[in-house]
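Only one structure is covered here, and it is reproduced in the block below.
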Ligand SMILES: O=C(O)CCC(=O)C(=O)O
Ligand SMILES: [Fe+2]
């Protein structure tokens, strides 16, 4: 199917910028960058099987429920398949190999600096009946009055980004992520608004293997899975080195799986937190 046929009226505009400088500009201007065809079909199949095999750990704030019952983590009012597992790099080296996937890692190092690291990596499986999320920001590091941010043309540094690795074709039925593009420049959280600066929320309709990387201040939400399909999403959260990593269990009880760590490349070890000593170390 041609990519154009796949688009719908309320689709987010997905433009591929091949050049790093244009990707950085898009992250600053639009709040997100689109990377098509990052994963091959075999990789997608392997990642899905790897996610199916993940065992939830209560102390890690993992969540696992089926349409019949809640198994681990918080209880949902409606029952549906939901498996959300944190720090998946520590479960299976398969996942470790996606924390520095090109071309995402090049943009990540450009926006968060050469000493950047991951703050988390999650596997998220959601079945039919998953409800809509509320429009939110993942983190608003610098709240600012709108007139200040717009009139003074303030450029807020990019503190945290998340790469969504979509493992399914995403149409309106399976539950696209919705974005209000440009809303990172609002300087605030949505607080119930669904429009910013005249721009409405738009759906990310994309293909299995595509990646969207977005900054934490963009207004966004996951939407209801109205299909009979199960949606598989891998998230990698990146940040500037000075931002703390979210590796539960807390406090300070996280332990690397040594056999997985032994397989990490020097760059992967740095992304996992093995930094040169610097201020505060
Ligand atoms: O499921 C999605 O597409 C987005 C999820 C999300 O934004 C969140 O849980 O913070
Ligand atoms: Fe979110």
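Tabulated data for the structure shown
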quantity: Theoretical FRET efficiency, 1/(1+(r/R0)^6), r = Cβ-Cβ of residue 41 and residue 154, R0 45 Å, to 0.05; calculated: 0.55
quantity: Distance in nm between pseudo-label sites at residue 133 and residue 269 (7 Å out along the Cβ direction from Cα); calculated: 3.4
quantity: Full-extension gain in nm, residue 13 to residue 75, via 0.36 nm per residue minus C-alpha separation; calculated: 18.7 nm
quantity: Highest-MSF residue in the chain out of 169, 62, 193 [GNM, Cα springs under 10 Å]; calculated: 193
quantity: Burial order of peptide ranges 149-158, 25-34 (average beta-carbon count within 10 Å, highest first); calculated: 25-34, 149-158
quantity: Nearest-0.05 FRET efficiency for residue 21 and residue 173, computed from C-beta distance (R0 41 Å); calculated: 0.65
quantity: The chain - mean residue ellipticity at 222 nm from DSSP helices (-39,500 (n - 2.57) per run, n ≥ 4, rounded to 500); calculated: -5000 deg cm²/dmol
quantity: Solvent-free Debye scattering, log10 I(q)/I(0), computed from the Cα coordinates of the stretch 3-272 at q = 0.11, 0.13 Å⁻¹; calculated: -0.61, -0.88
quantity: Cα centroid separation - the stretch 76-143 against the stretch 16-67, whole Å; calculated: 7
quantity: Cβ-derived FRET efficiency at R0 22 Å, residue 277 paired with residue 252, nearest 0.05; calculated: 0.75
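Computed from the coordinates by the stated procedures, all read-outs in this text should not be read as laboratory data. Being a predicted model, the structure only gives us computed values, none of them experimental. All Cβ positions, glycine included, derive from the backbone under ideal geometry; neighbour counts span all protein chains shown.
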